[in-house]
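The values are calculated or read from the model by the stated rules, or taken from the named source; none is laboratory data. All values reported here derive from a predicted model rather than from experimental measurement. Reconstructed Cβ throughout: ideal geometry from the backbone, glycine too, with neighbour counts over all protein chains shown.
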Amino acid sequence: MQMNGAQMVCEALVAEGVKTVFGYPGGAIMNVYDAIYKQDGFEHILNRHEQASVHAADGYARASGEVGVAMVTSGPGFTNAVTGLATAYMDSIPLVVISGQVPQILLGTDGFQEIDAIGISRPCTKHNYLVRDIAELPRILKEAFHIARTGRPGPVLVDIPKDITAEMGEFVYPESVDLPSYMTTPKVESSAIESAVEAILKAKKPLIYIGGGAVLSNASEAIRAFVELSQIPAVETLMALGVMGAENPLRLGMLGMHGNYASNMAMSETDLIISLGARFDDRVTGKLSEFAQYAKVIHVDIDPANISKLVAVDYPIVGDVKEAVEMLVNGLRGKVQTKQYDDWREILARYDALYPQSFEDSDEIIKPQWVIERLGETLGEEAIVTSDVGQHQMWAAQHYPFDRPRQWINSGGLGTMGFGLPAALGAKKAFPNKTVINVTGDGSILMNVQELVTASEYKIPVINVILNNHFLGMVRQWQTFFYEERYSETDLTFQPNFKALAEACHGIGYDVTTKEEFDMALKDAIEQDKVAFINIQVARFENVLPMVPANAALNNMMLPKIANPAKGEK
Amino acid sequence: MNEVRRVISIVVENESSVLSRVAGLFAGRGYNIETLTVAPIPNSQRSRISIATKGDERTISQITKQLNKLIPVYEVVEHNEMVEKEMVLVKFPLSEPLADIEVLCEAYNGTIVNVGVDMCIGMVADEPCRIKHFIEASARFNPIEIVRGGVVAIER
């Protein structure tokens, strides 16, 4: 069928089953927006900043498991989108971002709004394309979606010059891709599984270490069955919260820089790490040379480059986490004795009793941890929780009882402030009937606050819970501990009237200073069904604990004062 | 950290951005490029990039794994069983003894390829360490200019 390049873009999106596109028009992408105007195959959400468009597509992808789609113009439109691409790239999130480019005749001439999008995005995309011929466009769009969602997922950029979107051509959307140089998912080798099973049976203190790959591969059920069968305790990274379920008796908690005591001690003392879709990030390992010194390592990863990148691996298993775990379960069935690791679990239970994840509550001032626990009690499994980056993010990770994967959406690898609100919009578009809470701070929220307008216009009622301590809290915490309390440029005492700001953007705002006010505000915000700011004055100098100082060994934790030695004695 | 020198041979799709993807990967991840050559593979849509690099075993292994992840990369060959050759062109002033220069070039399997009014050009193609020795030995003839090519390699 004959059509122009702009219509081809729309047709391809429909063929890929895209329901929602997040974007922002501009000169070089106008042909596509003209085609969008004439179609009704998908909805377009006009964000108020291109960075937010990509984060929204990212939130949509993380919540649903589908490929998220964003559309931007050339030059500044594209450069604004780069943080979004990098955020998705670091967490392996499948996105297709379509950017306009100046007409080919102007390419390389420093034309108006021209920038080398392919060059800039190369290190923060899984792959990228500059379309040079209308005949290639259908194939490239097909490949972009294929590459984004298969193997280790990631963002793909398709940069389309304006003359291509205007040009007429024959549109036949390919049914399959022909990419001989692209390896998707290697098949798990059964010999690798056999060696791993033997190692598990021999181990005395095995530990399952679950990462974000378990979420991406939808391996939650398989992992829960693995844990149930083997009775091996498990820790989760920031990106894996929800895979085990908060109530799972074999879940020790989150490990790493702000992991709980039992999890970090387990990692320090284990004799066999069973890594499932995790990549031994520096925020998890602490000082690498002292990391898990007694452990052999089984490493399941879809990306061969992650194997032995940081930690030497004894039993590499390359492939899909879900497939590998199901094979491990089959290999262990009938062989593993559930009593085998009783002593190990007993030790870990004592560690947990000694320093449980806890905080000292107060009647005078709201503690940020209380807010998270209250949210958890009130909303539990029903809500999707997004976050920005900083103290509030760690408190949410530590204290919210995540019960299912894709319930917790945050920027882990890149650590992007300003991610939370637009990602919440994306998650809410994917699941309109779920309550979506963005846990944020008074620093982060201002980094994409314009999205309040988007939320109001499209009636996407997400609730922003601002843990307001008038500080860039996490940086302030480091300044307290490591910079002799020199609070260089972290004091945010001067700030907007958040309630009025929400109202100015046609949302609803609440100023909260007591627990009762918080309960009322949350209840009201859910009923009002409007985008909301719940601005909570919290204890200013509260720290995120435990904390492993940067480049200290994982078992070298700064702990909260209220340890409970009596419980530890048992 | 035991540094080793390796030649990595990369077969890629013959497309405009592929060299920047490969070179950018080296730059972005802090890998070292000693020499780099690219040329199309005859009768195909593919090109071969040969990169001489240095690093410890873990780094070399990471380089090959990361290269394999690039979409237009078909094949990455990295091992020490490679036949390697490198080329050098050296311009000498004709005030130096031409016969001596010719003998030197021949000792390194080379020859004089051009003689002008006041200069001559010697060419040598040999293993990289021999090229180094040739350049050292030619210093006594006061070379005006030395142009060294990158390594090309083929599996044994």
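Quick one: would you say B:Ser61 is among the polar types (S, T, N, Q) and modelled with pLDDT of 95 or more? So B:Ser61 fails the test. When B:Lys91 is tested against the conditions (1) assigned to a helix (DSSP H, G or I); (2) over 21 Å from B:Val11 (Cα atoms), the lone failure is (1). Can you name the residue in the range A:296-309 that is assigned to a loop (DSSP other than H, G, I, E, B) and touching a residue at least 60 places away in the same chain (Cβ under 8 Å) and, of all such residues, is nearest to the other protein chains (Cβ to nearest Cβ)? Top of the filtered list is A:Asp303. Select from the range A:90-142 the residues that are among the hydroxyl-bearing types (Ser, Thr, Tyr) and in contact (Cβ under 8 Å) with a residue 24 or more places away in the chain and list them in ascending order. Matches in the range A:90-142: A:Ser92, A:Ser99, A:Ser121, A:Thr125, A:Tyr129.
Per the listing B:Lys85, B:Lys91, the residue uniquely more than 30 Å from A:Arg149 (Cβ to Cβ), touching a residue at least 40 places away in the same chain (Cβ under 8 Å) and over 17 Å from the mean Cα position of the chain (by Cα) is B:Lys91. Please specify each residue of the range B:66-104 satisfying the condition of being over 15 Å from B:Val7 (Cα atoms) and within 14 Å of another protein chain (Cβ to nearest Cβ). Scanning the range B:66-104 gives B:Gln66, B:Asn68, B:Lys69, B:Leu70, B:Ile71, B:Pro72, B:Val73, B:Tyr74. Comparison of A:Ala550, A:Ala521, A:Ala504 shows that the only residue that is small (Gly, Ala, Ser) and surrounded by 15 or more Cβ atoms within 10 Å (Cβ to Cβ) is A:Ala521. Within the range A:112-123, the residues that satisfy the criterion of being facing another protein chain (nearest Cβ under 10 Å) and crowded, with 17+ Cβ neighbours inside 10 Å are A:Ile118, A:Arg122.
For the range A:110-144, enumerate the residues that are in a helix (DSSP H, G or I), touching a Leu at 6+ places or on another chain (Cβ under 9 Å) and more than 24 Å from B:Leu67 (Cβ to Cβ). Passing the criteria: only A:Leu141.
There is at least one residue in the range A:237-257 that is within 20 Å of A:Asn551 (Cβ to Cβ) and of a type in the set (Gly, Ala, Ser).
Scanning the range A:179-190 turns up no residue that is in the same structural domain as A:Phe22 (by TED's automatic domain parsing) and of a type in the set (Phe, Trp, Tyr).
Results for (1) outside the structural domain of A:Cys124 (by TED's automatic domain parsing); (2) within 22 Å of A:Gln450 (Cα to Cα); (3) in a loop (DSSP other than H, G, I, E, B), shown as yes or no for each residue.
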residue: A:Gly17; (1), (2), (3): no, no, yes
residue: A:Phe22; (1), (2), (3): no, yes, no
residue: A:Asp34; (1), (2), (3): no, no, no
residue: A:Ala52; (1), (2), (3): no, yes, no
residue: A:Ala56; (1), (2), (3): no, yes, no
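Within the bounds of the range A:336-355, is there any residue that is out of contact with any Pro (no Cβ under 6 Å at 6 or more places or on another chain) and closer than 30 Å to A:Leu472 by Cβ? Checking the range A:336-355: at least one residue is out of contact with any Pro (no Cβ under 6 Å at 6 or more places or on another chain) and closer than 30 Å to A:Leu472 by Cβ.
Residues are listed down the side, and each one gets a yes or a no for (1) more than 22 Å from A:Arg345 (Cβ to Cβ); (2) among the basic types (Lys, Arg); (3) surrounded by fewer than 24 Cβ atoms within 10 Å (Cβ to Cβ):
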{"position": "A:Tyr209", "(1), (2), (3)": "no, no, no"}
{"position": "A:Ala234", "(1), (2), (3)": "no, no, no"}
{"position": "A:Met239", "(1), (2), (3)": "yes, no, no"}
{"position": "A:Ala246", "(1), (2), (3)": "no, no, yes"}
{"position": "A:Gly253", "(1), (2), (3)": "no, no, yes"}
{"position": "A:Thr270", "(1), (2), (3)": "no, no, no"}
{"position": "A:Arg283", "(1), (2), (3)": "yes, yes, yes"}
{"position": "A:Ile298", "(1), (2), (3)": "no, no, no"}
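Could you tell me whether any residue of the range A:164-176 is touching a Gly at 6+ places or on another chain (Cβ under 7 Å), more than 14 Å from chain B (Cβ to nearest Cβ), closer than 23 Å to A:Ala88 by Cα and outside any helix (DSSP H, G or I)? Checked the range A:164-176: no residue is touching a Gly at 6+ places or on another chain (Cβ under 7 Å), more than 14 Å from chain B (Cβ to nearest Cβ), closer than 23 Å to A:Ala88 by Cα and outside any helix (DSSP H, G or I). Restricting attention to the range A:97-138, the residues that are among the hydroxyl-bearing types (Ser, Thr, Tyr) and under 13 Å from A:Thr79 (Cα atoms) add up to 2.
Any residue at all in the range A:66-81 that is free of Cβ contacts under 8 Å to residues at least 12 places away in the same chain, under 30 Å from B:Phe26 (Cα atoms) and either within 14 Å of chain B (Cβ to nearest Cβ) or buried (at least 19 other Cβ atoms within 10 Å of the Cβ) (or both)? So far as the range A:66-81 goes, no, none of its residues is free of Cβ contacts under 8 Å to residues at least 12 places away in the same chain, under 30 Å from B:Phe26 (Cα atoms) and either within 14 Å of chain B (Cβ to nearest Cβ) or buried (at least 19 other Cβ atoms within 10 Å of the Cβ) (or both).
Residue-by-condition table, conditions (1) surrounded by 13 or more Cβ atoms within 10 Å (Cβ to Cβ); (2) more than 30 Å from A:His127 (Cα to Cα); (3) assigned by TED's automatic domain parsing to the domain that holds B:Ala23:
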residue	(1), (2), (3)
B:Ser61	yes, no, yes
B:Leu70	yes, no, yes
B:Val88	yes, yes, no
B:Lys91	yes, yes, no
B:Asp100	no, yes, no
B:Cys105	yes, yes, no
B:Gly110	yes, yes, no
B:Val147	no, yes, no
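The residue that is surrounded by the most Cβ atoms within 10 Å (Cβ to Cβ), among those in the range A:181-204 that are part of a loop (DSSP other than H, G, I, E, B) and out of contact with any strand residue (DSSP E or B) (no Cβ under 7 Å at 6 or more places or on another chain), is A:Tyr182. Here A:Asn218 meets the list (1) assigned to a helix (DSSP H, G or I); (2) away from chain B (no Cβ under 14 Å) almost entirely, failing just condition (1).
Looking only at residues of the range B:105-141 that are assigned to a helix (DSSP H, G or I) and of a type in the set (Val, Ile, Thr), we find that the one that is farthest from B:Arg6 (Cα to Cα) is B:Ile135. I'd like to know if the range A:340-358 contains one or more residues that are farther than 21 Å from A:Val227 by Cβ and in a loop (DSSP other than H, G, I, E, B). Checking the range A:340-358: at least one residue is farther than 21 Å from A:Val227 by Cβ and in a loop (DSSP other than H, G, I, E, B). Within this structure, B:Asn114 fails the test of being without any contact (Cβ under 8 Å) to a residue 12 or more places away in the chain and within 14 Å of another protein chain (Cβ to nearest Cβ).
B:His79 meets the conditions (1) modelled with pLDDT under 95; (2) closer than 30 Å to B:Arg140 by Cβ; (3) surrounded by fewer than 16 Cβ atoms within 10 Å (Cβ to Cβ); (4) not small (Gly, Ala, Ser) in every case but one. The failed one is (2). Which one of A:Leu95, A:Leu106 is more than 14 Å from every other protein chain (Cβ to nearest Cβ) and surrounded by 24 or more Cβ atoms within 10 Å (Cβ to Cβ)? Going through A:Leu95, A:Leu106 in turn, just one is more than 14 Å from every other protein chain (Cβ to nearest Cβ) and surrounded by 24 or more Cβ atoms within 10 Å (Cβ to Cβ): A:Leu95.
Within the range A:520-551, the set of residues being small (Gly, Ala, Ser) and at pLDDT 95 or above comprises A:Ala521, A:Ala525, A:Ala532, A:Ala539. The residues on offer are B:Ser16, B:Ser20, and the sole one that is within 14 Å of chain A (Cβ to nearest Cβ) and exposed (fewer than 14 other Cβ atoms within 10 Å of the Cβ) is B:Ser16.
Checking A:Arg139, A:Arg122 one by one, the residue that is among the charged types (D, E, K, R) and under 17 Å from A:Gly84 (Cα atoms) is A:Arg122 and no other.
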